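Since the structure comes first, as C-alpha cells, the remarks are kept for the end.
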Amino acid sequence: AQVGKFFWRLTYGSALIGLGYLAYGIYEDRHPVDQKPPDPSKKTLVVLGSGWGSVSLLKKIDTENYNVVVISPRNFFLFTPLLPSCTTGTIEHRSIMEPLRNILRHKTASVTFYEAECTKVDPVNRVLTLRDNSEIKGDIAETSLPFDYLVIGVGAQNTTFGIPGVQENACFLKEIADAQKIRTRIMDCIETATFKDQTDEERKRLLHMVVVGGGPTGVEFAGELQDFFEEDLRKWVPEIADDFHVSLVEALPNVLPMFSKQLISYTEKTFKDEKINIHTKTMVKKVDEKTIFAEVTKPDGTKDMIEMPYGLLVWATGNAARPVVRDLMSKIPAQAKSRRGLEVNDYLVVNGTEGIWALGDCAATKYAPTAQVATQQGQYLARLFNTMAKTQALEEDIAHLEELGHATASPDDKKALATEIEAKAKALRRTKRLMPFQYTHQGSLAYIGSDKAIADLTFGDGNNLTSSGQMTYLFWRSAYVSMCFSTRNKLLVIMDWLKVKMFGRDVSRE
Ligand code: FAD
Ligand code: NAI
C-alpha cells in the first residue's frame, strides 16, 4: 500500500510539474520583455535564412554583442520532419510553422529582420543584394546591405537533374506551399477521376499517385498517402477503392540507402503489405503531362524502357545548390571544384573567404544534409560568435590595463595591474581554444505508414540500435513533438493528431 501511495504521489507530482512547465512556456511565449535596441556601432552580423541552421544559431547567440540582421524570404521557421503529414491533412500546416518575429522578439537585444531573398553576395566588398519577392512591393523592392560577418544558411532547392518535363509537371516537397499544392492535387485527381462518363483508362491514370525518389522524403510521403487512402478516402469515396494506387520509383536497388539493411527490408515488406508498389532499379528519364518514362534494369542486367501514366507526381530526388550559392561559388576560385554547395573548413568558414560562414544544406560537408546536422552547426556557430565577442572584450580590457600600467609610476599599482593582465590573458587563452565543429549523430527516424516507423539510433560510444514497428512509431511521435519549436507548436500537433483520430482527415479540396 505504501508503494502504491508513493507511486500515485509521484504521478500526480510529475503531472503537476508538467502542467506548470507548460503554463510557464505559454506565459513566456506571450509576454516578451522589453529589448535593447539594435546597436549599429557594433559589428554587423547578417544571417541568411530562417531554417534549421540559422534559427538554431539565432536561438543561442547573444545578440547584445552584434548588430544582428536576418534576411529570409520566409518569415517563419518550418519544422520539416512533419511536412509529409501536411500533404494529407494529418497535420495542419500552421501547426509546424513558428513566426520568426516571435523567435527574434525573445532575444535580449533586438534583431532586424528583412523578409527578402538575398540574390547576390559580394565577398570582396562585403555587400549583399536583397530583393523583396513577396506579392506586395513598396517603392523599394531591391537594395543592398553591407556586412562585417555573414552566415549563409539558405538551405538547398530540389534537384531535377535536368530531366525533361519534371520542373513543369511534378510537385515537390520542401516548403509549406508544396505540401498545400499536393493536398489540393490529390483531391483534384480524385474528383476528376469520378467525373461523369470518365473513361476507365483515364480514371486509372488519375488515381495513380507516383513518388519518384526512395529517400526518406519519398518514403514518408508514400506512407502518409497510403494511410490517407486506407483510413479516409476508401470510406468517403468508395468508388475509387479498386483503382487508387501509390507507386514509389527508385533508381537504386533499394529504398532508404542511409538506413540499415534490416530496416530497408522491413520498409519494403511493409510497403508490399500496404499495397504500395515499389519499383527499384527504375530511373526516370523523362516526364510529360500524363506519363513518366523510365529505364528499368532487369535482373540479367539488360535495360528496358517503361511508361507509367500518372495523375499526381511527387518528385523527391534530393538537393541542389540554390542560385545565390552557385553565384557566390563562381566568384571564389577556392570553390571551383565544389558541386554540391559551399565548401567550408573545420570551423564552417567558407573556403576562400574571410568572415563568411556556411551551415546546413547549402554547405558541402562530409555529413548528410539533415536538420540534425544544421542544428548542431547553428549551435556551434552561436558558441563561436559568443566566444569571439568575449575575446574582443578581453583584448580591449588587456590593452586598457596595459595603458594604465605604462602611465602609472607606482610599483605597487604596476604589480597589481600586471596580475590583473595575467588573469585576463589566461581567460583569453581559454576562450580562444574553440574546437573545430564536430557532429554527433543521434540516429535517423522515419515514418513508413500504417502506424509504423523505423529508427536507427546511435548512443554511447557509437553503439547502434535499430527498431521498427508500432512502438517505434510512438517513439517517433514523442520525439518529434518534443522537438517542435514552441509550446504552441507542440500543442497544435497533438491536437491535429487527436482531431484526425476522432473525425478523420478533411477530404475537401481547397
Ligand atoms: P532550411 O531549413 O531549408 O532553411 C533555409 C532557409 O533559407 C529558409 O528559411 C529559406 O526560406 C531561406 N532562403 C532560401 N533562399 C534564400 C535566399 N536567397 N536568401 C535568404 N534566405 C533564403 N532532416 C532530419 O534531420 N530529420 C527529418 O526528419 C527530416 N525530415 C525532412 C522532411 C522533409 C519533407 C524535408 C524536405 C526535409 C527533411 N529533413 C529532415 C531535412 C532538413 O529539413 C534539412 O536538412 C534542413 O532543413 C536544412 O536546414 P537549413 O537551415 O540548411 O535549410
Ligand atoms: P535523398 O537524396 O535522400 O534520396 C533521393 C533518392 O532519389 C535517391 O535514393 C536516388 O537514388 C533517387 N533518385 C534520384 N534520381 C532518380 C531518378 N531519376 N529516378 C528514380 N530515382 C531517383 O533525398 P530526400 O529523400 O529528398 O532527402 C534529402 C535529405 O533530407 C537527405 O539527407 C535525408 O536524409 C533528409 N531527410 C531526412 C528525413 C528523416 O530523417 N526522416 C526525412 C526527409 C529528408
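The values are calculated or read from the model by the stated rules, or taken from the named source; none is laboratory data. Keep in mind it's a predicted model, so treat the numbers as computed, not measured. Virtual Cβ from ideal backbone geometry, glycine too; neighbours counted across all protein chains shown. Note: areas computed on protein heavy atoms with side chains; ligands, DNA, RNA excluded. Shrake-Rupley method; radii C 1.70, N 1.55, O 1.52, S 1.80 Å.
Out of all the residues in the range 327-364, which are open to solvent by 10 Å² or more (accessible area, probe 1.4 Å), away from ligand 2 (no atom under 16 Å from the Cβ) and under 20 Å from the mean Cα position of the chain (by Cα)?
Once the filter is applied, which keeps residues that are open to solvent by 10 Å² or more (accessible area, probe 1.4 Å), away from ligand 2 (no atom under 16 Å from the Cβ) and under 20 Å from the mean Cα position of the chain (by Cα), the range 327-364 yields Glu343, Val344, Trp357.
I'm checking my understanding of the structure. Among residues of the range 289-347 that are out of contact with any Lys or Arg (no Cβ under 8 Å at 6 or more places or on another chain) and of a type in the set (Phe, Trp, Tyr), which one is farthest from Lys174 (Cα to Cα)?
Looking at the filtered set, the residue picked out is Tyr347.
Residues in the range 488-509: is at least one at pLDDT 90 or above, open to solvent by 50 Å² or more (accessible area, probe 1.4 Å), of a type in the set (S, T, N, Q) and not assigned by TED's automatic domain parsing to the domain that holds Gly25?
yes
Can you run down the residue pairs with Cβ atoms below 7 Å, 6 or more apart or on separate chains, where the first is in the range 245-272 and within 15 Å of Ser444 (Cα to Cα) and the partner is aliphatic (A, V, I, L, M) and open to solvent by 40 Å² or more (accessible area, probe 1.4 Å)?
These pairs meet every condition: Val255/Ile278; Met258/Ala368.
Glu98: out of contact with any Leu (no Cβ under 6 Å at 6 or more places or on another chain), of a type in the set (D, E, K, R), more than 30 Å from Glu239 (Cβ to Cβ) and part of a strand (DSSP E or B), yes or no?
Values: out of contact with any Leu (no Cβ under 6 Å at 6 or more places or on another chain): yes; of a type in the set (D, E, K, R): yes; more than 30 Å from Glu239 (Cβ to Cβ): yes; part of a strand (DSSP E or B): yes.
So Glu98 passes the test.
Mind listing just one residue for me: the one in the range 291-315 that is open to solvent by 20 Å² or more (accessible area, probe 1.4 Å) and aliphatic (A, V, I, L, M) and, of those, nearest to Thr159 (Cα to Cα)?
In this case the residue turns out to be Val296.
Select the strands (runs of 3 or more DSSP E) contained entirely in the range 285-332, then report the ones holding at least 2 residues which are of a type in the set (S, T, N, Q).
Working: elements: 291-297, 303-309, 312-315.
Fully inside the range 285-332 and qualifying: 291-297.
Among the aliphatic types (A, V, I, L, M) and either open to solvent by less than 20 Å² (accessible area, probe 1.4 Å) or in the same structural domain as Cys86 (by TED's automatic domain parsing) (or both): which single residue out of Ala407, Ala399, Ala418, Ala446 fits that description?
Ala446
Of the conditions (1) out of contact with any Leu (no Cβ under 6 Å at 6 or more places or on another chain); (2) closer than 30 Å to Thr184 by Cα, Gly311 satisfies every one except a single condition; which number is it?
Of (1) out of contact with any Leu (no Cβ under 6 Å at 6 or more places or on another chain); (2) closer than 30 Å to Thr184 by Cα, only one is false for Gly311: (1).
Restricting to the range 365-411, give me the number of residues that are within 16 Å of ligand 2 (Cβ to nearest atom), of a type outside the set (Val, Ile, Thr) and either within 17 Å of Lys43 (Cβ to Cβ) or without any contact (Cβ under 8 Å) to a residue 24 or more places away in the chain (or both).
Of the residues in the range 365-411, 1 are within 16 Å of ligand 2 (Cβ to nearest atom), of a type outside the set (Val, Ile, Thr) and either within 17 Å of Lys43 (Cβ to Cβ) or without any contact (Cβ under 8 Å) to a residue 24 or more places away in the chain (or both).
Somewhere in the range 219-231, is a residue free of Cβ contacts under 8 Å to residues at least 40 places away in the same chain, assigned to a strand (DSSP E or B) and out of contact with any His (no Cβ under 7 Å at 6 or more places or on another chain)?
No, because not a single residue in the range 219-231 is free of Cβ contacts under 8 Å to residues at least 40 places away in the same chain, assigned to a strand (DSSP E or B) and out of contact with any His (no Cβ under 7 Å at 6 or more places or on another chain).
Taking the range 170-197, which residues are over 16 Å from Glu117 (Cβ atoms) and either in the same structural domain as Tyr114 (by TED's automatic domain parsing) or among the basic types (Lys, Arg) (or both)?
Lys181, Arg183, Arg185, Lys196 - these are the residues of the range 170-197 that are over 16 Å from Glu117 (Cβ atoms) and either in the same structural domain as Tyr114 (by TED's automatic domain parsing) or among the basic types (Lys, Arg) (or both).
Name the single residue, out of those in the range 428-443 being part of a helix (DSSP H, G or I) and of a type in the set (D, E, K, R), that is surrounded by the most Cβ atoms within 10 Å (Cβ to Cβ).
If we take residues in the range 428-443 being part of a helix (DSSP H, G or I) and of a type in the set (D, E, K, R), then Lys432 is surrounded by the most Cβ atoms within 10 Å (Cβ to Cβ).
May I ask you to list the residues in the range 473-492 that are closer than 14 Å to Ser95 by Cβ and in a helix (DSSP H, G or I)?
Arg477, Tyr480, Val481, Met483, Thr487, Arg488, Asn489, Lys490, Leu491, Leu492, listed by residue number.
Can you confirm whether Glu220 is within 14 Å of ligand 1 (Cβ to nearest atom), of a type in the set (D, E, K, R) and either at pLDDT 95 or above or surrounded by fewer than 17 Cβ atoms within 10 Å (Cβ to Cβ) (or both)?
When the stated conditions are applied, Glu220 passes them.
Of everything in the range 255-284 that's basic (Lys, Arg) and part of a helix (DSSP H, G or I), which residue is nearest to the chain's Cα centre (by Cα)?
Lys261
Restricting to the range 61-101, give me the number of residues that are more than 15 Å from ligand 1 (Cβ to nearest atom), open to solvent by 10 Å² or more (accessible area, probe 1.4 Å) and polar (S, T, N, Q).
The number of residues fulfilling the criteria is 2.
Among the numbered criteria (1) among the hydrophobic types (A, V, I, L, M, F, W, C); (2) free of Cβ contacts under 8 Å to residues at least 40 places away in the same chain; (3) surrounded by 20 or more Cβ atoms within 10 Å (Cβ to Cβ), which one does Ala321 miss?
Of the numbered conditions (1) among the hydrophobic types (A, V, I, L, M, F, W, C); (2) free of Cβ contacts under 8 Å to residues at least 40 places away in the same chain; (3) surrounded by 20 or more Cβ atoms within 10 Å (Cβ to Cβ), the odd one out for Ala321 is (2).
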